[in-house]
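Asker: Take this structure, written in structure tokens, and hold onto it; I'll ask about it next.
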Amino acid sequence: MDANTKGRRLGRGIGSLLQMPQVAVARPDVPPTNEPALERSKSPDQESGAADAVLSGVVNVDLVNVRPSRFQPRRTFDQAPLQQLADSIKHSGLMQPIIVRRVPGDGPVQYELVAGERRWRAAALAGLKTIPALDRPLSDEEAAEWGLVENIQREDLNAMDRAYGVRSLLERFGCTQEELGGRLGLDRTTIANLLRLCELEEDIAKLLADGKLSAGHGRALLAFPAGEQRVRAANMASQFSWSVRKIEQLARDRAKSPESIAQAIASSPRDAVLRDLERQLGQHLGTKVTIAADKQGKRGRIHIEFYGIDHFDGLLAKMGVGSP
């Protein structure tokens, strides 16, 4: 298979690599089988031909004989989604095999995961002892590539895990950004933007990994000087829910006036207090309240909305203002 063909297939996802329908494994209360069920919409002849292709390399392996991949881009696995997947496996069985490759040697671990670590972990939580697997003779480069393809197309893979995974492939195997983009089904600009996130400080990277800031926030923060000022801006952006546009504007303002960051940071706690007061007043009066203050917070105005004469009279009564 040439590199171009391989890139196109990878770009369509891990399923196109396998060219196989989904298979099912029995639930924990049903004895395992080495013959996973195939799609039933085919004719007997078609089904037989598909089975010959699909079942080649599909084996039931002991969970304890499988180790995680050295190239896994995902650094954390949330327990709640794993438990949900485990519950689903208990009820409906595992609908897709994992992908493994053999580990040289005679030790108890015989396989290394290539793709499907979430399924492998959830199967263990569900009480399965064995799991259906596709045994593929892959090189280190192919194993790393397949693992990243599976994860990078998942919506719940955070931006930093994507970025570190892309960087790992480039550093380990020496391909160009354009070549890697073709193999992963991503354009070169996307690859470049992911790599730029790796320049962020560890504290900021953790905010992105935890979902407290987006990849867009991370790229905007790169316009700040590296170090304390950028970390401080990131923490404030997370604490006070700054938009990407606000960070970009602050970065532009910083070039003109170094004091702009200090002013923004000083105003953010005051803004948070004003928003809280707006909320409390709005709940008390039963209407929308807006508070506007000057930069020093010493002068301003309160805007109280009403929606009819009766509503207005009710607001006056709540404020203790009686009729003359």
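Asker: Scan Arg119, Arg74, Arg101 and give me the residue that is at pLDDT below 85 and surrounded by 18 or more Cβ atoms within 10 Å (Cβ to Cβ). Break it down stepwise before answering.
Answerer: Values: Arg119 fails: at pLDDT below 85; Arg101 fails: at pLDDT below 85.
Criteria check complete, one pass: Arg74.
Asker: Sticking with this structure for a sec: With the condition kept exactly as written, say whether any residue in region 81-96 is surrounded by fewer than 16 Cβ atoms within 10 Å (Cβ to Cβ), within 24 Å of Val149 (Cβ to Cβ) and touching a residue at least 60 places away in the same chain (Cβ under 8 Å).
Answerer: Checked against the condition, which is being surrounded by fewer than 16 Cβ atoms within 10 Å (Cβ to Cβ), within 24 Å of Val149 (Cβ to Cβ) and touching a residue at least 60 places away in the same chain (Cβ under 8 Å), region 81-96 yields at least one hit.
Asker: Any idea how many residues of region 136-150 are assigned to a helix (DSSP H, G or I) and out of contact with any strand residue (DSSP E or B) (no Cβ under 6 Å at 6 or more places or on another chain)? Give the steps one after another, and end with the answer.
Answerer: First, the residues of region 136-150 that are assigned to a helix (DSSP H, G or I): 140-150.
Still in the running and out of contact with any strand residue (DSSP E or B) (no Cβ under 6 Å at 6 or more places or on another chain): 140-142, 144-145, 148-149.
Number of matching residues: 7.
Asker: Residue check: is Ala209 within 30 Å of Leu113 (Cβ to Cβ) and either in the same structural domain as Gln72 (by TED's automatic domain parsing) or surrounded by 16 or more Cβ atoms within 10 Å (Cβ to Cβ) (or both)? Step through it out loud before you land on a result.
Answerer: Details: within 30 Å of Leu113 (Cβ to Cβ): yes; either in the same structural domain as Gln72 (by TED's automatic domain parsing) or surrounded by 16 or more Cβ atoms within 10 Å (Cβ to Cβ) (or both): yes.
The answer is yes for Ala209.
Asker: Within region 116-130, identify whether any single residue is among the small types (Gly, Ala, Ser) and more than 17 Å from Leu63 (Cβ to Cβ), and answer yes or no. It would help to see each step written out before you state the result.
Answerer: Let us first name the residues in region 116-130 that are among the small types (Gly, Ala, Ser), namely 116, 122-124, 126-127.
So of that shortlist, the ones also more than 17 Å from Leu63 (Cβ to Cβ) come out as none.
No: region 116-130 contains no residue that is among the small types (Gly, Ala, Ser) and more than 17 Å from Leu63 (Cβ to Cβ).
Asker: Can you give me the ranges of the helices (runs of 4 or more DSSP H) entirely in region 194-249 with at least 1 residues that are closer than 26 Å to Glu178 by Cβ and in contact with a helix residue (DSSP H, G or I) (Cβ under 6 Å, 6 or more places away or on another chain)? Explain how you work it out, then say what you get.
Answerer: Values: elements: 202-209, 215-221, 228-239.
Per the criteria, 202-209, 215-221.
The values are calculated or read from the model by the stated rules, or taken from the named source; none is laboratory data. A quick note: this is a predicted structure, and the numbers were derived from the prediction, not measured. Virtual Cβ from ideal backbone geometry, glycine too; neighbours counted across all protein chains shown.
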